[in-house]
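Read the structure below first, then the notes.
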Amino acid sequence: MSHRFSAIRAAWTGSTVLAAAATFGFAAPAAAQDGASAEDEGQLATIIVTANRREENLQDVPVSADILDQERIGAVFSAAADITALAGTAPGLNVESSNGRVAPRFYIRGLGNTDFDLAASQPVSVLLDDVVLENVTLKSFPVFDVERVEILRGPQGTLFGRNTPAGAVKVTSIKPSHDFSANGSLSYGSYDTISVGGAIGGSLVQDKIAVRIAAQLQHRADWIDNGFTGVDNALGGYNDFAVRGQLLFTPTERSSILAAVNYRNLDGSSTFFRANVLGRTTAQPTNTNELNNNYDRDRVFYDAGGGNLADYEQVGLTLTGAYEFDGATLTSITSYWTSEGSSRGDVDGGNLVTGPGFIPFPSDTQDSIDLEQFTQEIRLASTTDGPLSWQIGGFYFSSDFDVTTVGFTFPPPVTVNHTNDAWALFGQVTYQLTDTLRATGGIRYTDDEKDFVVLSGAAPQPRSVGDDQFDWDLSLFADLSEDASVYVKAANSFRGPTIQGRDVAFFSAPSVAQSENITSYEAGFKTELADRRVRLNGAVYYYTVEDPQFTAVGGAGNLVQLINANKGEGYGFELDSAFQITPRLLVTLGVAYNNTEIQDPNLAVGICAQCTVTDPTRVISGTRRAFIDGNPFPNAPEWSGDLTARYGIPVGNSGEFYIFTDWVYLGETNFLLYESAEFNAGSRFEGGLKVGYAGNNGQWEVAAFARNITDEDNVLGVVDFNNNTAFVNEPRVIGAMVSFKY
């Protein structure tokens, strides 16, 4: 690793020891305690959302959003999962990765990008404490010690910028407080899965300086056998360590400065590809998307891949300052992030001798990245109580990174460089037109420039692209009563042009896609009924995308080509609901329907080496291609949903026995641009369960848990260039945990 991390490692040594000391003695408070006063009265707790860059009640904001609280987050990640575990936790949200615990791909309302390269651009923005994590490796930063995760559906380009045509995922960490607190948790489960986390914080100088340090370690032992080498438990383990330190300085009542350092070290595994597990076999002669008898969750047959290792180190430094003037607050957010590492995989999923199945040629590839990102945002927001509220601001973004692709048999090493500089000016105004009706409008101007050049291994082949456009949104929000409201919203957003240079390593030219533009129309309602015991929020939407960017991944030519379709279209609805059935029983249910369609009668893409293509095909320039007009967007299930239930039984004056379960559902999904008999998934679901006892008003807790409790084997993605290869979900993990808090 680069020497630039050494100083940061040294600076973190003391704080890491401090956090680790707290880990084994204390635990985070159960999220069930959030909104406890409301629950005591049998009412639903208030949900806070920051879609307008200020804390507001979700019921008062014209946006379709789902918020994951601390209990849901704790359950989702209880088996040491990575950020892809968020898939399906909000209706309309999908997350997957073919790069293991790094480089996740996010999709909202069907919009996303299937590109597996480390230089990929996505239409879903991920933000940690209001800092955009643009590169796909940064998007994988672990979720721990957080207050909430917000999924904001639909274009968010006015206030958040940086590629949000589909929406945004906002992660908000717990901030320092002058009240002393310490917590920690320890869990152990199947496959020697261990998760250790903790935080400690409080006042260093009363009312002036407060600190919070949090850390997390996720571990799993090797558990996958290698049938080719005959070694059992040869692959699949990982150690994923992350720590966050925050220092809050409040020199006056009107000013504050928050300094934060985020650090991650991953020593783990990349994705495990499984050769010819889809389609026909001797015992299964029909073409199908079902896993066949070549599939064994606990065994692969690798002759290469170097152990499918992934090794990453990431550092983020953020300085947030705020000053309250009379009537307005000025906020500045300065942030610098680095990401350095590599992952390697036996991409063909087997070997040429024993397969499984027919493998025409070997593919052993390693991708590495060395990235620096700098962002600066300044905004001024009103704080008056009148009918008018407003905010204005500016934003600057700069990134510079090298990506190196190494084929250990083919191709030779190639290093390319990507740079991206962008700046924006934005503003938003809200006006209370009447006692029950208010209007909000926003606009953002963005200038986005990207450059690409080959540094070594091939000719330079420089490329430069750029665009400048306006994003806008306009909404009306009407209160029908104290407990019910409706809204309408129109928004426009764009994703800047993109350069993809991975094909240089395979002796092809870089590809370029021009900007895509989305125009979205949405109508929704927000209700709280039965004395705040029932919450029903819903939205219907329709959007069109001009020049949508897609990535033609793989195909028999083994290329990663950026393309623009002529048009894309999507429509559907989302429903988020919560039912406080009794003061001790809470049920939430979410469902989404999303219909997407590629509209371009002349667009044809490369196809697979062995699968059964169901689209019309034609030989073009010597290569058979599939016409994809009318196909759905890749990785865009039509139906998705989630269900949670929590039941608590009081024990004595301060104890509680509880049961919590959560389930996600993703409907039929096509994985690629073209359609085939093999490369799609039927309906998929996964569930979790946690049963425990919390004592002394939640200050300590013991519990048993299970993730993927029904042990589903779900195909999450495919590789089509060589054979009918797929990768699957995490196995069932059953374990126990203990936690304490002070």
- Query: Regarding PHE525, is this residue closer than 18 Å to PHE477 by Cα, in contact (Cβ under 8 Å) with a residue 12 or more places away in the chain, in contact with a strand residue (DSSP E or B) (Cβ under 9 Å, 6 or more places away or on another chain) and part of a strand (DSSP E or B)?
  - Reply: yes
- Message: Every residue in segment 260-278 that is out of contact with any helix residue (DSSP H, G or I) (no Cβ under 7 Å at 6 or more places or on another chain) and either closer than 18 Å to VAL171 by Cβ or among the polar types (S, T, N, Q) (or both), please.
- Response: ALA260, VAL261, ASN262, ARG264, ASN265, LEU266, SER269, SER270, THR271, ASN276
- Being in a strand (DSSP E or B), open to solvent by less than 20 Å² (accessible area, probe 1.4 Å) and closer than 24 Å to THR365 by Cβ is the filter here, so list the residues in segment 407-430 that pass it. GLY407, VAL414, VAL416, HIS418
- Report, by residue number, each residue of segment 175-197 that is at positive phi and among the hydroxyl-bearing types (Ser, Thr, Tyr). TYR191
- Scope segment 369-383; condition within 31 Å of the chain's Cα centre (by Cα) and free of Cβ contacts under 8 Å to residues at least 60 places away in the same chain; matching residues: GLU372, PHE374, GLN376, ILE378, LEU380
- Report, by residue number, each residue of segment 304-331 that is surrounded by fewer than 17 Cβ atoms within 10 Å (Cβ to Cβ) and acidic (Asp, Glu). GLU324, ASP326
- Item | Elements of type strands (runs of 3 or more DSSP E) in segment 665-721, at least 1 residues being among the aromatic types (Phe, Trp, Tyr) and more than 16 Å from GLU290 (Cβ to Cβ) | 684-695, 700-707
- Message: Any residue at all in segment 187-200 that's within 20 Å of ASP129 (Cβ to Cβ) and among the charged types (D, E, K, R)?
- Response: no
- Task: Return a yes/no flag: does segment 203-216 have any residue that is modelled with pLDDT of 95 or more, farther than 30 Å from SER256 by Cβ and of a type in the set (Ser, Thr, Tyr).
- Result: no
- Task: Mind listing just one residue for me: the one in segment 460-480 that is small (Gly, Ala, Ser) and open to solvent by less than 60 Å² (accessible area, probe 1.4 Å) and, of those, farthest from PRO165 (Cα to Cα)?
- Result: ALA478
- Looking across segment 722-742 at residues that are part of a loop (DSSP other than H, G, I, E, B) and at pLDDT 95 or above, the single one that is farthest from ALA609 (Cα to Cα) is ARG732
- In the list ASP303, ASP296, which residue meets the criterion of being modelled with pLDDT of 95 or more and more than 29 Å from the chain's Cα centre (by Cα)? ASP303
- Restricting attention to segment 91-108, which residues are open to solvent by 10 Å² or more (accessible area, probe 1.4 Å) and assigned to a loop (DSSP other than H, G, I, E, B)? GLY92, SER97, SER98, ASN99, GLY100, ARG101
- Considering residues of segment 128-174 that are on the phi > 0 side of the Ramachandran plot and small (Gly, Ala, Ser) only, the residue nearest to the chain's Cα centre (by Cα): GLY167
- Message: Criterion first (surrounded by fewer than 21 Cβ atoms within 10 Å (Cβ to Cβ), free of Cβ contacts under 8 Å to residues at least 24 places away in the same chain and closer than 26 Å to PHE160 by Cβ) does ASP451 satisfy it?
- Response: no
- Task: May I ask you to list the residues in segment 601-635 that are surrounded by fewer than 22 Cβ atoms within 10 Å (Cβ to Cβ) and small (Gly, Ala, Ser)?
- Result: ALA609, SER621, GLY622, GLY630
- Selection count, segment 651-694, where residues are of a type in the set (Gly, Ala, Ser) and surrounded by 15 or more Cβ atoms within 10 Å (Cβ to Cβ): 9
- Out of curiosity, is THR434 farther than 18 Å from PHE550 by Cα and modelled with pLDDT of 95 or more? yes
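The values are calculated or read from the model by the stated rules, or taken from the named source; none is laboratory data. Values in this document were obtained by computation on a predicted structure and should not be read as measured data. Note that we place each Cβ from the backbone using ideal geometry, even for glycine, and neighbour counts take in every protein chain shown. Ligands, DNA and RNA are stripped out before the accessible areas are found, and what is left, the full protein with its side chains, is counted by its heavy atoms. Shrake-Rupley method; radii C 1.70, N 1.55, O 1.52, S 1.80 Å.
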